[in-house]
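See below for the structure under consideration.
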Amino acid sequence: MSGFLRRHWLLLLLLIPAIVLRVLTWLAYRPALLYIDSFRYIDNLHALRADQLDPIGYDLVLRPLLAVGGLAWVAAVQHAGGILIAVGVYALVLRLGGRPWVAALAAAPVLLDAYQLQIEQNLMSEVVFEAVLLGLLWVLLGRGAPGWKRAGIAGLLVGFAVLVRLIGISLALPLLVYLVVAGGAWRHWAGWRRAGVGLLGILVVVVPYSARVHSETGKWGLTGPSGNMLYGRTAAVADCANLHLTPELQVFCPAEPRETRLVDNYTHADLDPNWPGPLPPGADKAALAHQFAIEVLKAQPGDVAGAVLNDFAKSFAWTREQDPTDVPLDRWQFQLTYPQWADQSLIDLVTLQNDGVVASVDEPLAALLRDYQLNGGYVPGAVLGIGALLGLLTVFRRKRPLDAARAGALLASTSGLVLLFASAVFQFSWRYQIPALVLLPLAGALGFTTLTSASRKRLGAFPDDVDTGALDDFRGRHPELRMSSLVVVIAAYNEAGGIGGVLEKMPDECLGLPVDVLVVVDGGTDDTAAIAEDHGAYVCVAPRNRGQGAALRLGYHLAAESGAEYIVTTDADGQYDNSELEALAGPVVDGTADFVTGSRRLGHEEADSRVRWLGVRVFAVLASVLTRRRITDTSFGFRAMRADLACSVPLNEPQYQSSELLLGITARGSRVVELPMSMRLRKAGKSKKGGSVVYGANYARVMTGTWWRGYVLRRGRTPRGVKTSA
């Protein structure tokens, strides 16, 4: 039990406020909230007619729920569903290799977002739609690449999603693409066969329902009304004064100024029998509205596209803002009085029939929920955008075929973005962002997992088996060795082309102290070790490659046990200027600093990549924020430090170690100094860092993880009152 609590503590902690908020919501608005669509669902509950504005998917779920209990029961079930959806997101991230804290952050939006809470209290289809989305992801990702059976089930789920919310049809595109490419099958018929089965699953649901709509309305479609989506979008931007329209089409021009036109009013204008005004006898309003939309598209394609893209961009705004042309935001906010989306007599009739009570609001609880919602109790759209970006960035991983986490990241991010874009094509409403609470945080969690997977294996405590083997070999070749008090440690992996030049330019003396050089060969396969020995360096050879961080940690301990008081690190590729050694080591040797690092930003830099140039600055800002001290360069490899300090800081990262050491030392309260230094282009070999995106993600992971351990959990901190200087 204790192991379970330790592993899932963050999720369990988040569940407490999530449950409390849902109980408060359920008690504040009794028996449930009824929106405009709610009355249509209730009206069609038993007849299940296909000629309505909303398809019958939600009614198929609502009907048995109301057979068991009333509206309050439905709201309670939807709140429980919200909790279960969040837990399902958490479990899926774990299933695909994510760490518990990452999975918990992915579940947090559904757990704590106030707009999610409000929609759960409504008789609305969103929670069922979210559940279908999660089920779709589990079917496709939960057990590796899907076969034809799971492809068919996924198609059926998308088909049902369409019946819950019409926008679900947009999921067909990411589903079919995924079925083709999953498991690297796009080059073979297997992927295309899977996609065919998935498409068949969608059609099995959608085609019969469309046929039923046809039988009841005489028109093929998925909804009874003709659906004025295209008219609504074009009417909102139509510049009627400059359009050359026939008298019949001129009637469809809105009278309101463009800056005040609400897309929603025109999209559903066909529900008004008096719309759009006088027409010739026998005129087909739907056909004329469509023709009007086509004329606007021809004349103003840029205006229509700009309006759609602008609405799509709103989903990623940091705050909730009310645009005059949007569906009013307060529809999805907690109110102090019961929302009047129908006559009070109709509201009371519905609640009395189902629950035996009239609709009511507990004002103090409603005020508490409203304050929570309006004062930051929601997920900023920018956070969802970051989740989508992390998911999309996994496309730059060169690994083939798609691994589970990467496949999930791409599927969730594309599905979420497609849903948001398709909704923006229709119209913008903050309600349409709610399904993204399931998809985009999950995409971000899986994207982060994928991008940092290369460095997830941490080193064991020093010395591990590799360290022991390397130390035994070194001691056998150099029994009872005493090195100088100043030792330069160089980690090298297949650096035969550059190590010689670095060692030739290494000074023999610095600040009156002899300089010894210790090269730690990290399981290399070339002549690095022999070349280093030929140039007078001590060489320690690790039996296998683990990473620069592992090699440097081994070097720190070996140098310290061999008599070093001061350690300097530099790279084997010739990027740093050995003539600056005296300036670098001076503050440590004279006792005015514990750790000195060079800074290319304060000195001179020859950058080989604009991305890395930017990364240096971004991570410097992040480090400065985390440590609350000015840091200009976190990854400069030319550093000097006290040997005992280098050995006392917990170092667990086999790679991306520079920020781990820097933040670990600052967390201990040590005296850290940055000096202007030079960084040149590599003289030989090539970087072992990998792609910029992957390297950056891993570097950020190590930096934030070290900060969490050192500053928040305070692991490895020097106790207060312990002196850190020599």
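The values are calculated or read from the model by the stated rules, or taken from the named source; none is laboratory data. Because the structure is a prediction, the values reported are computed rather than measured. Quick reminder, even Gly has a Cβ in these numbers, built from the backbone with ideal geometry, and neighbours come from all protein chains shown.
If I filter region 164-175 for residues that are in contact (Cβ under 8 Å) with a residue 12 or more places away in the chain, in the same structural domain as Leu65 (by TED's automatic domain parsing) and farther than 25 Å from Pro441 by Cα, do I get at least one hit?
No, because not a single residue in region 164-175 is in contact (Cβ under 8 Å) with a residue 12 or more places away in the chain, in the same structural domain as Leu65 (by TED's automatic domain parsing) and farther than 25 Å from Pro441 by Cα.
So which residues in region 314-332 are surrounded by 15 or more Cβ atoms within 10 Å (Cβ to Cβ) and either at pLDDT below 85 or not aliphatic (A, V, I, L, M) (or both), if there are any at all?
Once the filter is applied, which keeps residues that are surrounded by 15 or more Cβ atoms within 10 Å (Cβ to Cβ) and either at pLDDT below 85 or not aliphatic (A, V, I, L, M) (or both), region 314-332 yields Lys314, Ser315, Phe316, Arg320, Thr325, Asp326, Arg331, Trp332.
Just for region 618-655: of the residues that are buried (at least 24 other Cβ atoms within 10 Å of the Cβ) and basic (Lys, Arg), which one is farthest from the chain's Cα centre (by Cα)?
Arg642
I'm checking my understanding of the structure. Among residues of region 489-516 that are over 14 Å from Ala551 (Cβ atoms) and among the aliphatic types (A, V, I, L, M), which one is modelled with the lowest pLDDT?
Here the residue is Ala496.
Just to check your reading of the model, which residue among Leu163, Leu173 is closer than 30 Å to Asp284 by Cα, out of contact with any Leu (no Cβ under 6 Å at 6 or more places or on another chain) and part of a helix (DSSP H, G or I)?
Leu163
Go through Ser678, Ser658 for me and flag whichever is in contact (Cβ under 8 Å) with a residue 24 or more places away in the chain, surrounded by fewer than 20 Cβ atoms within 10 Å (Cβ to Cβ) and small (Gly, Ala, Ser). Steps first, please.
Details: Ser658 fails: surrounded by fewer than 20 Cβ atoms within 10 Å (Cβ to Cβ).
Going through Ser678, Ser658 in turn, the sole match is Ser678.
(1) farther than 20 Å from Val438 by Cβ; (2) in contact (Cβ under 8 Å) with a residue 40 or more places away in the chain; (3) charged (D, E, K, R); (4) crowded, with 17+ Cβ neighbours inside 10 Å: which one isn't true of Arg49, the others all being true?
Here Arg49 meets the rest and fails (4).
Quick check: anything in region 57-65 closer than 29 Å to Gln344 by Cβ, surrounded by fewer than 22 Cβ atoms within 10 Å (Cβ to Cβ) and touching a Ser or Thr at 6+ places or on another chain (Cβ under 7 Å)?
No; the residues of region 57-65 include none that is closer than 29 Å to Gln344 by Cβ, surrounded by fewer than 22 Cβ atoms within 10 Å (Cβ to Cβ) and touching a Ser or Thr at 6+ places or on another chain (Cβ under 7 Å).
Quick one: which residue in Phe421, Phe428 is in the same structural domain as Gln333 (by TED's automatic domain parsing), modelled with pLDDT under 90 and either closer than 30 Å to Phe638 by Cβ or aromatic (Phe, Trp, Tyr) (or both)?
Phe428
Please work out which one of (1) among the aliphatic types (A, V, I, L, M); (2) in a loop (DSSP other than H, G, I, E, B); (3) farther than 30 Å from Pro463 by Cα is the condition Val625 fails and give its number.
Result: Val625 fails condition (2) only.
Which numbered condition trips up Val77, out of (1) at pLDDT 95 or above; (2) more than 26 Å from Asn44 (Cβ to Cβ); (3) surrounded by fewer than 20 Cβ atoms within 10 Å (Cβ to Cβ)?
(2) is the only condition that Val77 fails.
In the same structural domain as Leu393 (by TED's automatic domain parsing), crowded, with 16+ Cβ neighbours inside 10 Å and aliphatic (A, V, I, L, M): which single residue out of Leu459, Leu442 fits that description?
Working: Leu459 fails: in the same structural domain as Leu393 (by TED's automatic domain parsing).
After applying the criteria, what remains is Leu442.
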